[in-house]
Amino acid sequence: RYPTSGSIGTVLNGPNYDAGTGAAVVGTSAGIVASVRTSNCTRRWSVNPGLGASLVTSSNDVVAATFPGARRTIGYSRTSGAVLWNINWNYTPTDTRFSSTGFLYLGVGPFIVSVDGTNGSLEWYRYFGSNITGRPAVPNNGYVYFPVAGYVYAFDAFTGDYRWNRFIGTATQLVGVGSNANGHRVVATTATGRVQQLNATSGATICTTTL
């Protein structure tokens, strides 16, 4: 079993399962980014650029590792771990998510940013008055969702065009986006234990409960 603590640090997010290589990708508090074979729990590859704690996400071809302390995001080959691209940010980045189409989404200080995962080029960005602290949700419906200052904001995933926003409450975080026969639903939580489901297309409240 690949250790989750010790000399490599503690796994911070993931593992992100990569169906293409049959490997799990993790980032650790010690700054290690690693791809681990799920068939026999051996390490496929690992890197440590010495940039501090790493948060990872993966797509079909790229593992993106964000190092908040160093204000850096690096794209690695999912098969070899070779560096594909490198971005230096002017603000502290947050955790990231890939879409099924290979675009990377994250908050960078007061900006919401979309990056082409193949080459690290900036696709679009949007400015907010307060820092983005939560991880986005990127379902396969053409939208991207961000928690910002108690609200959930929805944008067109390809153009960055604004779609809608809904106030949820203090310290709003996105659990994710699911789908059923009635379409996609955004699930958000607050610091007070409130859970709210929203229509992913319109932002209309479907139901609310407090845990």
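For (1) touching a Pro at 6+ places or on another chain (Cβ under 9 Å); (2) modelled with pLDDT under 90; (3) within 27 Å of ASN140 (Cβ to Cβ); (4) open to solvent by less than 10 Å² (accessible area, probe 1.4 Å), each residue gets a yes or a no:
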| position | (1), (2), (3), (4) |
| --- | --- |
| ALA19 | no, yes, yes, no |
| ILE32 | no, no, no, no |
| TRP45 | no, no, no, no |
| ALA70 | yes, no, no, no |
| LEU84 | no, no, yes, no |
| ASN88 | no, no, no, no |
(Q) Given the criterion open to solvent by 80 Å² or more (accessible area, probe 1.4 Å) and either closer than 21 Å to TRP89 by Cα or touching a strand residue (DSSP E or B) at 6+ places or on another chain (Cβ under 8 Å) (or both), identify the matching residue among THR159, THR209, THR118. (A) THR118
Q | Subset of the stretch 90-104 [among the β-branched types (Val, Ile, Thr) and either part of a strand (DSSP E or B) or closer than 15 Å to LEU55 by Cβ (or both)] | A | THR92, THR94, THR96
Q. What tally of residues in the stretch 145-183 results from selecting those that are out of contact with any Asp or Glu (no Cβ under 7 Å at 6 or more places or on another chain), at pLDDT 85 or above and closer than 22 Å to PHE103 by Cβ?
A. 16
Q) Looking at SER59, SER77, SER99, which one is polar (S, T, N, Q), open to solvent by less than 30 Å² (accessible area, probe 1.4 Å) and closer than 17 Å to ILE32 by Cβ? A) SER77
Q: Would you mention how many residues in the stretch 128-144 are farther than 20 Å from VAL56 by Cα and either modelled with pLDDT of 95 or more or crowded, with 19+ Cβ neighbours inside 10 Å (or both)?
A: 1
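The values are calculated or read from the model by the stated rules, or taken from the named source; none is laboratory data. If you're wondering where the values come from, they're calculated on a predicted model, not measured in any experiment. Using ideal geometry, Cβ is built from the backbone for each residue, glycine included, and neighbour counts are taken over all protein chains shown. Just the protein is used for accessible areas: all its heavy atoms, side chains included, with ligands, DNA and RNA removed. Shrake-Rupley method; radii C 1.70, N 1.55, O 1.52, S 1.80 Å.
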